[in-house]
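Quick notes on the structure that follows.
The values are calculated or read from the model by the stated rules, or taken from the named source; none is laboratory data. Computed from a predicted structure; not experimentally measured. Here Cβ is always computed from backbone atoms with ideal geometry, including for glycine, and neighbour counts include all displayed protein chains.
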Amino acid sequence: MSHIFVHTLSGLLISALLFPFAGQRFKARLIQWWCRQLLVAFNLRVISFGHIPAATASLSKTMFVANHISWADIHALNSLIPLRFIAKSEIRNWPIFGYLVSKANTLFIDRNKRQDAKRTIDIAQKSLQAGDNLCFFPEGTTTDGTEIKPFKSSLIQAAILADATVWPVAICYPNADGSVNTGVAYAGETTLIESMQQILLQKQPVIELHFLDTISPAAYALMDRRELTLHVEGLIRNKLAL
């Protein structure tokens with residue numbers, strides 16, 4: 001646990017001392033490094049499949065859409081490519097990690113306020129048009145990995161309005177025998193601390209990121225946001241056989 005404490009402390013120092021003066025690219029590299037080292041501290045191994053974003057690629061104006069199982073999902077994705085996440089406002093209240101997530105330029109949405117969706121869509125659209133790469137989890141919650149909740153469609157409207165590429169990602173935590181490792185999930189009544197403890201008790205849990213084919217604006221030109229959301233949901237369900 002001591003190495004996790006030290007790494008968390010390094011994140012607080014980086015956020016407080018370096019972020020205010022760091023340019024966008026340097027800040028993104030710092031976040032990517034920190035996320036990679038956090039996964040190492042928790043002994044979590046990330047395995048990627050499919051059309052993996054190249055480290056040297058100049059990627060921009062892309063919205064990643066994924067199913068959601070654990071707090072580690074964010075760090076696993078960020079360890080491969082720096083992303084701006086759209087997250088529920090409750091995360092901002094997490095002890096320490098909420099502060100770090102806020103400093104990582106996260107866009108928060110209050111799902112209890114219907115009018116907040118339009119504000120978030122507007123900000124997300126402008127962010128994409130500025131060249132940012134965003135990621136959101138349209139289930140609106142986490143699962144234990146044995147199911148996928150119906151995707152909510154509102155936020156994908158930002159990608160449509162910005163003519164952004166949509167990139168589906170299927171996330172799973174498998175056991176060695178191929179079954180679902182539900183012990184790593186941050187879902188239901190499990191607290192953040194309990195989830196972290198459960199991961200630390202495992203020998204070397206694995207998180208798989210399956211990057212599916214990208215969907216260009218031309219490919220979804222005839223779809224509205226509900227059709228596009230259902231299409232992405234179907235692709236992820238099929239990949240995970242859920």
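Scoring A72 on the criteria (1) among the aliphatic types (A, V, I, L, M); (2) surrounded by fewer than 20 Cβ atoms within 10 Å (Cβ to Cβ); (3) more than 29 Å from R226 (Cβ to Cβ) leaves a single failure, condition (2). Taken across segment 145-159, residues that are of a type in the set (D, E, K, R), over 26 Å from N93 (Cβ atoms) and under 19 Å from the mean Cα position of the chain (by Cα) do occur, with at least one present. The sole residue among H210, H231 that is under 24 Å from L83 (Cα atoms), modelled with pLDDT of 95 or more, touching a Gly at 6+ places or on another chain (Cβ under 8 Å) and not charged (D, E, K, R) is H210. When A219 is tested against the conditions (1) of a type in the set (G, A, S); (2) modelled with pLDDT under 95; (3) surrounded by 14 or more Cβ atoms within 10 Å (Cβ to Cβ), the lone failure is (2).
In segment 18-38, the residues that are under 13 Å from L80 (Cα atoms) form Cβ pairs under 8 Å with partners that are surrounded by 14 or more Cβ atoms within 10 Å (Cβ to Cβ) and aromatic (F, W, Y), at six or more places apart or across chains, as follows: L30/F19. Filter segment 160-173 for residues that are farther than 14 Å from F137 by Cβ and among the small types (G, A, S); which is surrounded by the most Cβ atoms within 10 Å (Cβ to Cβ)? Restricting to residues being farther than 14 Å from F137 by Cβ and among the small types (G, A, S), the top hit is A164.
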